Amino acid sequence: MTKLIIHNLWAVGMHHWGPREVAVGAGYDLIEDALNPFDKNAIAVLDGPNKKAYLKRDCAVIVKFLFGLKITQKWLLKPKESPVNLSRRVGPQQRCSIGCILRDDQKLNAALRKLKDSCFPFEIKN
């Protein structure tokens, strides 16, 4: 069983659904939000059935590609630090890591090629 963990992704939009942050250290599910009218690559962060945030657009593009590879059935997001406000025009952003358990090493190679081209650090754990 191989674990893929991707670091330095950003959750945004938390202020639209209540608290202005997602709990540090807690686990949240990720799903594609194909009905999002603002971003065709939108990836929603869920706490059970409740939407809590989205991945930032540049992060969502990579994650949507990985979703398309179907390397796993479940992705988990874990916030790593409290949110920061980088500008007054933009709401809080929170640094996170996401991970999954891989069951098909063939698909892992395609995922690793894409991640090496991106700016996001990642690790593989056995």
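The values are calculated or read from the model by the stated rules, or taken from the named source; none is laboratory data. Predicted model only: the values in this text are computed from it and were never measured. All Cβ positions, even for glycine, are placed from backbone atoms using ideal geometry, and neighbour counts span all protein chains on display. Note: accessible area is taken over every heavy atom of the protein model, side chains too, but ligands, DNA and RNA are not part of it. Shrake-Rupley method; radii C 1.70, N 1.55, O 1.52, S 1.80 Å.
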Q. Against the longest alpha carbon principal axis of the chain, how many degrees, from 0 to 90 and to the nearest 10, is the axis of helix 57-69 turned?
A. 30 degrees
Q: Leaving out ligands and nucleic acids, note down the accessible area per residue over segment 51-126 with a 1.4 angstrom probe, in whole Å².
A: 62 Å²
Q) How much of the accessible area of the chain, in percent, comes from carbon and sulfur atoms when a 1.4 Å probe is used? A) 51 percent
Q) For residue 3 and residue 24 in the same chain, what is the full-extension length gain: residue separation times 0.36 nm, less their Cα-Cα distance, in nm? A) 5.5 nm
Q: Treat each spin label as a single point 7 Å out from the Cα along the C-beta direction, and report the residue 50 to residue 113 distance in nm.
A: 4.2 nm
Q. Taking Cα centroids, how far is segment 1-23 from segment 39-66 in Å?
A. 9 Å
Q) What is the log10 of I(q)/I(0) for segment 1-77, computed with the Debye formula using one identical point scatterer on each Cα and no solvent, at q = 0.12, 0.16, 0.17, 0.27 Å⁻¹? A) -0.31, -0.56, -0.63, -1.57
**Q.** With Cα atoms, 0 to 90° folded angle of helix 105-117 axis to the chain main axis
**A.** 50 degrees
